[in-house]
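The values are calculated or read from the model by the stated rules, or taken from the named source; none is laboratory data. If you're wondering where the values come from, they're calculated on a predicted model, not measured in any experiment. No Cβ is skipped: glycine too gets one built from the backbone with ideal geometry, and neighbour counts run over all protein chains shown.
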């Protein structure tokens, strides 16, 4: 399992040091970093990281304030938070906010590895406790649609509408966000191939090159629908398909 990790750190040297340590971890996919709290909240809504290394002292919103904001969000998949700071007097507050760990600067490699092991334990525990659904319930206007996840070919966000394309070419339109659908399908073989697309890996019939390192997926539905794979998502897609941890 890949851990999507984000860093929020206003000090360039500390940020680069943490990026270097994380790049050595084979199960880590490093997302764009934030230089302050406001930027972190914007990036969080775009990428929804599994783990955030969050500096406590940042200009504008502090790491504590950011953590309080994230903790108050209604979500089944709240990020694992590791606070980073040059001061050692924030431990109690960190754990009040359900932080998984608390790292002091400059970062010690052994202590960093301990934090990574703790992160993996927490993420694994969250995954194993997630109930696996047999059917997906979707609201379409005033109707409630029930569909099995394996009947879905892909979903695409178009404006404010999410269009769920079934393999029998039914289309269900809902106001649910793509991230909400992705969360509901945890435990099923779905992959975010593009910022606007979520695809059922079991429904892929063929992968064809497109341009500049991007690809198209041919879906095994009646129309042989094409789903784009962005260049940034392509590597992860091939790793998942080939069973690379």
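Quick look at the values:
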| item | result |
| --- | --- |
| Selected residue [at pLDDT below 95, touching a helix residue (DSSP H, G or I) at 6+ places or on another chain (Cβ under 7 Å) and crowded, with 16+ Cβ neighbours inside 10 Å] from 214, 233, 155 | 214 |
| Condition check for residue 219: touching a residue at least 40 places away in the same chain (Cβ under 8 Å) and over 30 Å from residue 124 (Cβ atoms) | yes |
| Any chance residue 46 is on the phi < 0 side of the Ramachandran plot, assigned to a loop (DSSP other than H, G, I, E, B) and either surrounded by fewer than 19 Cβ atoms within 10 Å (Cβ to Cβ) or not assigned by TED's automatic domain parsing to the domain that holds residue 115 (or both) | no |
| Among residues of the range 25-38, those that are part of a helix (DSSP H, G or I) and buried (at least 18 other Cβ atoms within 10 Å of the Cβ), counted | 1 |
| Odd one out for residue 228, checked against (1) surrounded by fewer than 13 Cβ atoms within 10 Å (Cβ to Cβ); (2) in contact with a strand residue (DSSP E or B) (Cβ under 7 Å, 6 or more places away or on another chain) | (1) |
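For (1) assigned to a strand (DSSP E or B); (2) more than 22 Å from the chain's Cα centre (by Cα); (3) on the phi > 0 side of the Ramachandran plot, each residue gets a yes or a no:
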position	(1), (2), (3)
186	no, no, no
191	yes, no, no
224	no, yes, yes
228	yes, no, no
